[in-house]
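The values are calculated or read from the model by the stated rules, or taken from the named source; none is laboratory data. Model, not experiment: these values are computed from the prediction. Cβ: placed from backbone, ideal geometry, glycine included. Neighbour counts: every protein chain shown. Areas reflect the complete protein model, heavy atoms only, side chains present, ligands, DNA and RNA absent. Shrake-Rupley method; radii C 1.70, N 1.55, O 1.52, S 1.80 Å.
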Amino acid sequence: MSVLVTGPTGMVGRRVLTELRRRGITAAGASRTSEVRLDWTDTSDWDKVLDGVESIFVVTPIGRSLGNRVAGFIEKAAEKGVEKAVVMSSMGSEHAPSDSDQRVAEERARKVFDKWTVLRPNWLNQDFTEGTFAALARSRNGRLELPVKKHTAVSFVDARDVANTAVAALVGDHAGREYTLTGPEPVTFKQFVRMTKGTDSPVWRFKKVDEAGFYFRARNRGWGDRYIDTLNERFAAAVAGRAAEVTEDVRAALGRDPGPVAKFIREETA
């Protein structure tokens, strides 16, 4: 079995690649800087990239207007005889406009593959240690400033659970399944930050800001408008209570409950 993993340096993709190799499965990372060079904007070598590949794990980049490119790659994979596609988007993407990047990629996989699986994880625990929240906090001396309320609750999910679900879908029979992946309980931003007290987490404090304030801070980090708009849409959904839902999908995929935030903090930040 040969698996191609896109987004191999990301919080989930990196763990997918590691776990596949740990199981002795032939797997390669594909990006502009990986062992297999993949550029979403350059279709000239996609045939070569997909030679000999049996399954693909596809992550649609957020806020980069690449949905149609990713969908084209998925279609090319089907044409090349790839048998299975596991596509990761984000929680709530099934309700996004039909032309949104992640929705376009999901729909194309369903259309051209018989064996497809869609993963829609909520915000990741690792966003606080190595992702978006960590980057923002490091630029503000440890203070995480977001356009959400202190008591906005999110069922944060561990990237390890997401990666293990992806691997299960790649090596097992999860065709036609759509998994919304959450942690076992909703946790507020204030609670999450409080639980990291005394650890080496880059996030020490939490402060609510409005969308304009968040936009200013994000632009100072060099983030593009579309990416910031996408983040603000997800924050608005969280404030409206749509990110607090807890599902049974990790259990359905892995046969066990997802790891709680406290366990993540104990294992990853102590």
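Computed values, structure above
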| quantity | calculated |
| --- | --- |
| Condition check for Phe264: aromatic (Phe, Trp, Tyr) and under 19 Å from Pro97 (Cβ atoms) | no |
| Tally, over region 169-191, of residues that are within 19 Å of the chain's Cα centre (by Cα) and modelled with pLDDT of 95 or more | 14 |
| Single unsatisfied condition, Val246 versus (1) modelled with pLDDT of 90 or more; (2) open to solvent by less than 50 Å² (accessible area, probe 1.4 Å); (3) not in a helix (DSSP H, G or I); (4) not aromatic (Phe, Trp, Tyr) | (2) |
| Criterion violated by Ala218 - all others in (1) under 14 Å from Leu144 (Cα atoms); (2) touching a residue at least 60 places away in the same chain (Cβ under 8 Å); (3) touching a His at 6+ places or on another chain (Cβ under 9 Å); (4) not β-branched (Val, Ile, Thr) satisfied | (3) |
| Evaluation of Phe73 against (1) open to solvent by less than 20 Å² (accessible area, probe 1.4 Å); (2) part of a strand (DSSP E or B); (3) among the aromatic types (Phe, Trp, Tyr) (one fails), failing number | (2) |
| Spans of helices (runs of 4 or more DSSP H) in region 92-193 with at least 3 residues buried (at least 22 other Cβ atoms within 10 Å of the Cβ) and of a type in the set (D, E, K, R) | 101-112 |
| Residue selected from region 26-68 under the condition of a type in the set (Val, Ile, Thr) and crowded, with 16+ Cβ neighbours inside 10 Å, by the criterion nearest to Asn232 (Cα to Cα) | Ile62 |
| In region 221-235, the residues that are closer than 30 Å to Glu178 by Cα, open to solvent by 50 Å² or more (accessible area, probe 1.4 Å) and touching a residue at least 40 places away in the same chain (Cβ under 8 Å) | Arg226, Tyr227, Asp229 |
